[in-house]
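**Q** Here it is, the structure, as structure tokens.
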Amino acid sequence: MTFVLAGGPVPALLARQTETGQWAGEHSFYTPKYVSTHWSMMLLTELAIDGTDARFRQGVAYMLAATAADLQKRLDINHLGFSCFWSNMLRYTYHAGQGDDGRESHQSCLSACLVSGRAHDRFGQENAERGADAGI
């Protein structure tokens, strides 16, 4: 594990981070896949980066700020989509120890995960009922 954190992929990933906390060369925080900010943050979390690393925490702050307005719009109209995205973002936010820091954007992200989960459960229940009605 020491190699991963000290001389392997973690330093290589962090070397592409800009001063603003996002990753260089991205089209948005989500694209291109595997090299943009969101994907880099997920990879760093999987590679067990120290959650207190200032660069990692800066990436979390960037993502919370970059998604706040869109997320609030989605919550307002109750059309979230992207439940995997919000859940993954919440995961690296908590990994950085910023999950309960009182930020409104974090609370919105948590709400998105909960609302998406309820919608997913409702969809699954409706499909199960349709299947039962059809004799499946």
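The values are calculated or read from the model by the stated rules, or taken from the named source; none is laboratory data. All of these numbers come straight from a predicted model, not from anything done at the bench. All Cβ positions, glycine included, derive from the backbone under ideal geometry; neighbour counts span all protein chains shown.
**Q** Please go through region 18-32 and pick out each residue that is over 15 Å from residue 65 (Cα atoms) and polar (S, T, N, Q).
**A** Correct list: 18, 31.
**Q** Residues in region 49-70: is at least one farther than 24 Å from residue 97 by Cβ and exposed (fewer than 14 other Cβ atoms within 10 Å of the Cβ)? Give the derivation first.
**A** First, the residues of region 49-70 that are farther than 24 Å from residue 97 by Cβ: 69-70.
Then drop every residue that is not exposed (fewer than 14 other Cβ atoms within 10 Å of the Cβ), which leaves 69-70.
Yes, region 49-70 contains a residue that is farther than 24 Å from residue 97 by Cβ and exposed (fewer than 14 other Cβ atoms within 10 Å of the Cβ).
**Q** Here are some residues: 52, 20, 45. Which one is within 13 Å of the chain's Cα centre (by Cα) and modelled with pLDDT of 90 or more? Before the answer, list the steps.
**A** Values: 52 fails: within 13 Å of the chain's Cα centre (by Cα); 20 fails: within 13 Å of the chain's Cα centre (by Cα).
From the options 52, 20, 45, the qualifying one is 45.
**Q** Answer yes or no: is there a residue in region 101-113 that is in contact with a strand residue (DSSP E or B) (Cβ under 8 Å, 6 or more places away or on another chain) and either modelled with pLDDT of 80 or more or surrounded by fewer than 18 Cβ atoms within 10 Å (Cβ to Cβ) (or both). Walk me through it before giving the result.
**A** Pass one, region 101-113, residues in contact with a strand residue (DSSP E or B) (Cβ under 8 Å, 6 or more places away or on another chain): none.
Within region 101-113, not a single residue is in contact with a strand residue (DSSP E or B) (Cβ under 8 Å, 6 or more places away or on another chain) and either modelled with pLDDT of 80 or more or surrounded by fewer than 18 Cβ atoms within 10 Å (Cβ to Cβ) (or both).
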